[in-house]
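Only one structure is covered here, and it is reproduced in the block below.
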Amino acid sequence: MLGLLRDYYHKASVDRNLSKYKPLIARINLLHKGFENNSNDELFMHTQTMKQHISNGKSLSDQLPEAYALVKEAFFRVFGYRIHDAQLMGAIVLHEGNIAEMKTGEGKTAVAVFAAYLNALSGEGVHIVTVNPYLAERDSTEMGEIFRFLGLTVGCIESNMSISQKQAQYQCDVTYATHYELGFDYLRDHMVYDISNRVQRKLNYVILDEVDSILIDEARTPLLISEEPGKGTEYFYYIDNIVKALTSEDYEIFEQTKQIMLTEKGVDRCEMALSLTNLMHIDNADLYNKILQSLRAHFILKKDVDYVLVTNEQAKTEAVIVDQNTGRLLFGRRFVEGLHQAIEAKERIIVMGQPATLSTITLQNYFRMYGKLSGMTGTATEVKDEFIKTYGTDVIAIPTNKPINRIDHPDLLFITEEEKFIRIVEEIISVNERGQPILVGTASIQKSELLSAMLLEQNIPHKVLNAKNYKEEADVIRLAGQRGSVTISTNMAGRGVDIRLGEGVEELGGLMVIGTIRHDSLRIDNQLRGRSGRQGDCGSSRFFICFEDELLMNYYPDHLMDELLNNNCSDFALINNPRYARGIRDAQAHVEGELQTIRERVMGYDQVLDLQRRIIYTMRNEMLEMDDLTSKVQTLIQKTIQQKVAEFCQGSLPEDWDMIGLTISLGSVFPYKRPLRLDRLHELEQGELIGMFTQQLMEYYKDKEVAFEGNAIELKRQAFIYSIDMNWMHYLEAVEEVKNGIELRNYAQLDPIVEFERETFQMFNKFISSIEQETLRIIWNSMD
Ligand SMILES: Nc1ncnc2c1ncn2[C@@H]1O[C@H](COP(=O)(O)OP(=O)(O)OP(=O)(O)O)[C@@H](O)[C@H]1O
C-alpha cells in the first residue's frame, strides 16, 4: 500500500518536473515509433542525411528530435533496453550546454551518447570526459557500439599513445578521455616545434561525466608541465634538516586555514642556522618560502593521508598526491610552489628539481575554452551558483526514473575515534551475519588499512580498495552488492561503476553503506550514499562520526558540542535531533565556503594569466604556421631600434644622448662586426637616427641572409619558438614569485587578484620585448 502511494507521488513529481521538456520528449518518442520499422541500414543512412541537413544550414537544435529518436532506437537494437524519458530529459539538458543532475545508476553513460551524437553531426568533434582512464576505455568501447551502429567514429585517448595515434583518436567524431589527458595534450600542443605534431582539433563541445569532481573538487590543483628532474636535492635536504629541528614554540599552526607561520623565536632560530641577519628581507623571500613549505610538509601534511609514497616502474620512490575528496591518487600532479619538493626532502627521496614550469593551466580555464560545455553528476545542486558564475552553466535536477528506496539513518556520534571504529566493526559483524552486503567509505588509505586490520582480527573476509588500480577497483566494486560481501573503500574509489544487487539481497535490505567520517563537503557524503539504492533498489546508509574527526574538531559549533557532551552523550549519541544534524551541515558549509574561496583565488590568478597565455599561444601558432618569417624579423629589427633609441636618446639635444649606451645595447642584440656609421650626429633628430640605424641593420641583415648556407626559414622559426618557450618558462616562474609575495601581503586589505594583475602587466610587456630581442640575437648569431 505504502509502496503504491510512493509510486503515485513519484510519478506526479516526475511529470511536473518534465513539463517544460514534455513536448520535445513527446516529439522524440513519436519519431522513435517511426524508426522502429526501419531496417538497420536505413537507420545508418539517416546519420548521413542529417549531416547533410546540418551542412546545408539546419541548426543542431532543429535536428534534435530526429537524432535523439534515432539514438533511442539504436540503444534498443544494440543493448535491448528502452531509454526512459528522464534520460531523454538529461540528454536535452546536455545539448543546451547545462549540467544534468542525475542520481547514481540512472544511466548517465547512455545519456551522454545522445548529446554527443547530435553535436558530432556538425563534424567538429565532441569530447566526453571521464574521471579515470579505465572508464574512458570502458565507455568508448561499450558506447562505441551505438556510435558505430549509426555511422559515427569513436576514439579514446590513452597516455602512452604516439602522436599519430592520438591524432587519429582526436579526428574521430567522438573522443573519450580523462580531463587531465585533454589538458596536458592542449599544453603539449603549444610546445611543439612543428605543427604536424599537434594532436587536438578546435575545442568544440565537451561533456564531463562526474562534472563536480572535475570542475570543483580537482580545481585547486592546476595542470603543470615541468622541466625534467634537476638538481637542488641537497639544498632542499639542508632546509629540511633545519626545519626538522624546530620545536613547537618555533612555529604556529592555524588549524582552520591549514596555514603555518614561524614565530619570532622560529625566525631567530632559522637565522642562526642559516647564518643570516634578516630572514624576512626581500632578498631572502625564496629561502623563506622554502622554509614555509618545509614546515607545511612536516607539520600539516600527512603521509598516507595527503600523499603516499609509491615505487614507480623505474623502481624509484615518488610522492603522489591523494585527492582529499575521492582518495584517488593524482599521478603526475605535483603540489605547487615548492611544497612537493619539501615533501620529497622530508621523505628523503629524490627531489625532482626546482619546479621550472614549462606550461600550466587550470582545469577551469582549459574547459572554458570549449565552444560549449555540459556535464552530468549525481551531486551538483549544492554548487549550482558556482557553476553558473564560473562556467555559465545551469544545473537542472532530473527526476529519478523510479522513486529512491534507500533509508538514510541518522548519524551516530562518538566521543573518541577508537569508540567509533569499535562500533563500526560491531555493526559490520552484525550486518554481515545476516548476509547483507556492506560498503564502507573511509577518508584515507590509512583508515582503510586500520579498519581492514580490525576486521581481520574478527575473521571477517573483506576487500579493500585503495585507489591504486582502476581496473581492479572496478572489478571489486562491481561485486560489492553480492550476498555477504564487505568492501572497504577510500571515499569515492570505484566511482562510475555500477553496483548491482546479488540474488536474494533485495530481501535482506539491499546494499548497506557505512560512512566512517563526514566529509568536508556534503556532496561527497551524498555520492557515497548514492552507491546504494540505484534504480529504485532498496538499501540503507549510516554515518559514524566522532568528536575527534577533523571536521567536528575544527568546525562543529561549540555550544552544541558542549550540550552533547554534558547531556546525552554517555558513550554515543544518535544525531536525530535536527539541531545537532544542522550543526554538521553548518560545519560543512563553512569548509565548503573556504574551499570555494581558494578555488576562486586559483582561478582569479589563472584568469589574469589566461589572457597572457592566449597572446603567447597565438603568437607561437603564428610563428609555426607562417611560411616565411622575414617580414616579422624586419619588423622586429625596426621595433627594437625604436625602443633602444627611445631609451637612450632622451631629450632634444643630441649631446645629451647616451650614444655609448645605445651602441652597447644595440650590440648586445645585433653583434656587429662592421661598425655602424654615425655621420652628422650633432644634426640628427631621433627619427633620423632610427632611420639611419634601421637602414644599415636591414642591409646588414640581408647580406647575412644571402651568405647564410643553412635553411634560413627554419632558423627564423626555431629562433622565435625557442625564445617564446624559454621566456615563457622564466615568466611563469617570476609570476609564481609575485603570487607568493602577494599572498603574504594579503593582510594589507588589498585585493590580491587586482594587485597581481597590476604587477604582472608590466612584467608581461618586458617579457614580450625579451622574446623579441632574444629571437633577433639568436638569428643574428646563428647566421654568422
Ligand atoms: N533505460 C535503461 N534501461 C535499463 N538499463 C539501463 C538503462 N539505461 C542504462 N541502463 C543500465 O544501467 C546501468 C547503470 O548505468 P550507468 O553506469 O550509466 O549509470 P550512472 O548514472 O552513470 O551511474 P554512476 O553514477 O554510478 O556513474 C548500466 O548497466 C546500464 O547498462
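The values are calculated or read from the model by the stated rules, or taken from the named source; none is laboratory data. Not measured: the values here are computed from a predicted model. Cβ sites come from the backbone with ideal geometry, for glycine too, and all protein chains shown count toward neighbours. Surface areas here come from the heavy atoms of the whole protein model, side chains and all, with no ligands, DNA or RNA. Shrake-Rupley method; radii C 1.70, N 1.55, O 1.52, S 1.80 Å.
Of all DSSP beta bridges in the chain, what percent run antiparallel (nearest 5)? Intermediate results must be reported in sequence, preceding the final value.
Details: 19 of 67 bridges.
Antiparallel bridges make up about 30 percent of those DSSP assigns within the chain.
Under 17 Å Cα to Cα from Lys471, which lysines show up? Leave out anything in the same chain fewer than 8 places away.
Counting by Cα, and skipping residues close in sequence, Lys471 has these lysines nearby: Lys463.
Please list, in order along region 535-547, the HN-Hα scalar couplings obtained from phi with the Karplus expression 6.51 cos²θ - 1.76 cosθ + 1.60 (θ = phi - 60°), rounded to whole Hz, x for Gly and Pro.
Each residue's phi maps through the Karplus curve to give 6, x, 4, 7, x, 8, 8, 8, 9, 10, 9, 8, 5 Hz.
For the residue pair Glu709 and Phe331, what label-to-label distance in nm results when each label sits 7 Å from Cα along the Cα-to-beta-carbon direction?
The modelled label-to-label distance comes out at 4.9 nm.
With axes computed from alpha carbons, what is the tilt in degrees of helix 85-95 against the longest principal axis of the chain, rounded to the nearest 10 within 0 to 90?
10 degrees
How much of the accessible area of region 609-782, probe 1.4 Å, is carbon plus sulfur, in whole percent?
Here carbon and sulfur together make up 54 percent of the probe-accessible area.
Going out from 0 in 10 Å bins, what whole percent of all Cα-Cα distances in region 265-408 drops into each bin?
9, 25, 25, 23, 13, 5, 1, 0
List the aspartates and glutamates whose Cα lies under 15 Å from the Cα of Lys639, skipping any in the same chain that are fewer than 8 positions away.
Cross-link targets: Glu647, Glu688, Glu772, Glu774.
Sorted by average packing, counted as other Cβ atoms within 10 angstrom per residue and highest first, what order do 95-103, 729-737, 695-703 take?
Details: 95-103: 23.0, 729-737: 17.3, 695-703: 15.1.
Top to bottom by mean Cβ count within 10 Å: 95-103, 729-737, 695-703.
Within the set Lys72/Lys402; Lys265/Lys303; Lys384/Lys766, which residue pairs have Cα atoms separated by over 29 Å? Show your work: numbers first, answer last.
Working: Lys72/Lys402 19 Å; Lys265/Lys303 27 Å; Lys384/Lys766 40 Å.
Where the Cα-Cα span goes over 29 Å, the pairs concerned are Lys384/Lys766.
Evaluate E = 1/(1 + (r/R0)^6) for Arg77 and Ala646, where r is the Cβ-Cβ distance and R0 equals 60 Å; express this FRET efficiency to the nearest 0.05. Write down the numbers at each step before the final one.
Numbers: r = 72 Å, r/R0 = 1.21.
It comes out at approximately 0.25.
Under 15 Å Cα to Cα from Lys346, which aspartates and glutamates show up? Leave out anything in the same chain fewer than 8 places away.
Within the straight-line limit of under 15 Å, Lys346 reaches these aspartates and glutamates: Glu234, Asp240, Asp304, Asp306, Glu318.
Can you pull the one-decimal nm distance between simple spin-label points at Glu550 and Gln52, each 7 Å off the Cα toward Cβ?
Label at Glu550, label at Gln52, 6.1 nm between them.
Might you work out the accessible area of His298 for me, using a 1.4 Å probe with all protein chains in place, and round it to the nearest 10 Å²?
Here the residue's solvent-accessible area equals roughly 40 Å².
Counting only DSSP beta bridges with both residues in region 405-576, what percent are antiparallel, rounded to the nearest 5?
Working: 4 of 28 bridges.
Among the beta bridges of region 405-576, antiparallel pairing accounts for roughly 15 percent.
Using the heavy atoms of the protein chains alone and a 1.4 angstrom probe, what is the accessible area of the chain per residue in square angstrom? Can you show the working numbers first?
Working: 34850 Å² over 784 residues.
Using a 1.4 Å probe on heavy atoms only, each residue of the chain averages 44 Å².
Between Thr311 and Val192, what length in nm is gained on full extension when 0.36 nm per residue of separation is reduced by their alpha carbon distance? Can you show the working numbers first?
Working: separation 119, 0.36 × 119 = 42.84 nm, distance 3.06 nm.
Additional length available on full extension: 39.8 nm.
Quick one: what are the phi-derived ³J(HN,Hα) couplings along region 127-141, Karplus 6.51/-1.76/1.60 with θ = phi - 60°, whole Hz, x for glycine and proline?
The phi angles translate into 10, 10, 9, 10, 7, 8, x, 4, 5, 4, 5, 4, 5, 5, 6 Hz.
With a ≥ b ≥ c the root eigenvalues of the C-alpha gyration tensor of region 609-782, is it rounded (a/c under 1.5), prolate (a/b larger than b/c) or oblate? Don't jump to the answer; show the numbers that get you there.
Values: a/c = 2.84, a/b = 1.38, b/c = 2.06.
It is oblate, given that a/c is not under 1.5 and a/b is not larger than b/c.
May I ask for the angle, rounded to the nearest 10°, between helix 22-35 and the longest principal axis of the chain, with both axes built from Cα atoms and the value confined to 0 to 90°?
Orientation of helix 22-35: about 80 degrees from the principal axis.
Given the -39500 (n - 2.57) contribution per DSSP H run of 4+ residues, what per-residue ellipticity at 222 nm results for the chain, rounded to the nearest 500 deg cm²/dmol?
Values: 28 runs with 419 residues, N = 784.
The per-residue figure over the chain is -17500 deg cm²/dmol.
Which order do the peptides 358-370, 398-410 take when ranked by the mean count of other beta-carbon atoms within 10 Å per residue, highest first? Each step should come with its number before you reach the end.
Working: 358-370: 20.8, 398-410: 18.8.
The most tightly packed comes first, giving 358-370, 398-410.
If N is the number of residues in region 405-576, what value comes out of its Cα radius of gyration divided by 2.2 N^0.38 Å? If you can, show how the numbers build up before the last one.
Details: Rg = 15.7 Å, N = 172, 2.2 N^0.38 = 15.6 Å.
That works out to 1.01 for region 405-576.
When only alpha-carbon atoms count, how far does the chain stretch along each of its three principal axes, as whole angstroms with the largest first?
107, 77, 47
Asn38 to Asp62: extension gain in nm, 0.36 nm per residue of separation minus the Cα-Cα distance? List each step's numbers first, then the result.
On the way: separation 24, 0.36 × 24 = 8.64 nm, distance 2.15 nm.
Answer, rounded to one decimal: 6.5 nm.
Any idea what angle helix 60-79 forms with the longest principal axis of the chain, computed on alpha-carbon atoms, 0 to 90 degrees, nearest 10?
Taking Cα atoms only, the helix is inclined about 50 degrees.
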